[in-house]
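Q: Below is a structure I'd like to ask you about.
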């Protein structure tokens with residue numbers, strides 16, 4: 001209980017005003033660059049989702065190949081297709097991370113540093129929405145591989161259904177990417 005009380009006391013002693021006052025002594029571009037570095041790191045956390053999804057697809061495909069050794073080639077191809085689609089979520093987060101580091105236009109914008117820094121952090125946080133996309137697409141890829149192992153004659157229908165499901169799951173990542181790009185390149189707050 002003492003640790004919890006200490007934590008509550010510590011957090012209550014933290015004042016956001018003090019942080020803002022401290023940050024205000026720096027040049028706007030430097031604060032935005034620091035926020036961009038943090039936003040870039042946050043953006044790449046989204047890669048956890050595709051990593052999980054890709055691993056799930058591989059695990060399900062391995063299990064399916066063990067159950068249907070005659071279909072290993074088809075199972076492997078469906079798994080690789082499903083995994084490649086799931087990597088798009090990681091690509092989205094990488095793009096935003098690199099833009100924040102190398103091409104953040106907010107560094108040169110004449111606006112309050114609080115808006116620019118928050119927008120840079122917000123772009124990194126927004127792209128975290130791709131994590132669920134990667135998990136979902138990987139899961140669909142794994143189930144597609146299992147389906148092909150169980151019903152090889154239905155290979156085409158199974159792959160089409162898998163790709164349709166993955167395409168719909170892609171929309172959440174596209175939404176996250178759009179918001180991150182708006183915050184960087186068409187920011188309505190500046």
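Q: Take residue 174 and decide whether it is more than 17 Å from residue 42 (Cα to Cα) and out of contact with any helix residue (DSSP H, G or I) (no Cβ under 7 Å at 6 or more places or on another chain).
A: Against the criterion (more than 17 Å from residue 42 (Cα to Cα) and out of contact with any helix residue (DSSP H, G or I) (no Cβ under 7 Å at 6 or more places or on another chain)), residue 174 qualifies.
Q: Additional query: Can you tell which of 29, 43, 35, 61 is at pLDDT 90 or above and more than 25 Å from residue 113 (Cα to Cα)?
A: 61
Q: Then there is this: So, in segment 89-146, exactly how many residues are closer than 28 Å to residue 66 by Cβ, surrounded by fewer than 24 Cβ atoms within 10 Å (Cβ to Cβ), within 9 Å of the chain's Cα centre (by Cα) and in contact (Cβ under 8 Å) with a residue 60 or more places away in the chain?
A: 0
Q: Tell me, which helices (runs of 4 or more DSSP H) wholly within segment 31-125 include 2 or more residues that are closer than 22 Å to residue 188 by Cβ and in contact with a helix residue (DSSP H, G or I) (Cβ under 9 Å, 6 or more places away or on another chain)?
A: Those helices (runs of 4 or more DSSP H) span 88-102.
Q: Scan segment 25-46 and give yes if some residue there is farther than 24 Å from residue 106 by Cα and crowded, with 18+ Cβ neighbours inside 10 Å, otherwise no.
A: Checking segment 25-46: not a single residue is farther than 24 Å from residue 106 by Cα and crowded, with 18+ Cβ neighbours inside 10 Å.
Q: For segment 1-18, enumerate the residues that are outside any helix (DSSP H, G or I) and either within 26 Å of residue 118 (Cβ to Cβ) or modelled with pLDDT of 75 or more (or both).
A: Listed by number, the residues that qualify are 14, 15.
Q: Let me ask something additional. Would you say residue 183 is surrounded by fewer than 19 Cβ atoms within 10 Å (Cβ to Cβ), modelled with pLDDT of 95 or more, part of a helix (DSSP H, G or I) and more than 13 Å from the chain's Cα centre (by Cα)?
A: Judged against the criteria, residue 183 is not a match.
Q: What is the number of the single condition among (1) exposed (fewer than 15 other Cβ atoms within 10 Å of the Cβ); (2) part of a helix (DSSP H, G or I); (3) in contact with a helix residue (DSSP H, G or I) (Cβ under 9 Å, 6 or more places away or on another chain) that residue 21 does not meet?
A: (3) is the only condition that residue 21 fails.
Q: Checking the structure you have, find out if any residue of segment 155-167 is within 15 Å of residue 46 (Cα to Cα), touching a helix residue (DSSP H, G or I) at 6+ places or on another chain (Cβ under 7 Å), at pLDDT 95 or above and surrounded by 20 or more Cβ atoms within 10 Å (Cβ to Cβ).
A: There is no residue in segment 155-167 that is within 15 Å of residue 46 (Cα to Cα), touching a helix residue (DSSP H, G or I) at 6+ places or on another chain (Cβ under 7 Å), at pLDDT 95 or above and surrounded by 20 or more Cβ atoms within 10 Å (Cβ to Cβ).
The values are calculated or read from the model by the stated rules, or taken from the named source; none is laboratory data. For clarity, every value in this text was computed on a predicted model and none was experimentally measured. Positions of Cβ are backbone-derived with ideal geometry, glycine not excepted, and every protein chain shown enters the neighbour counts.
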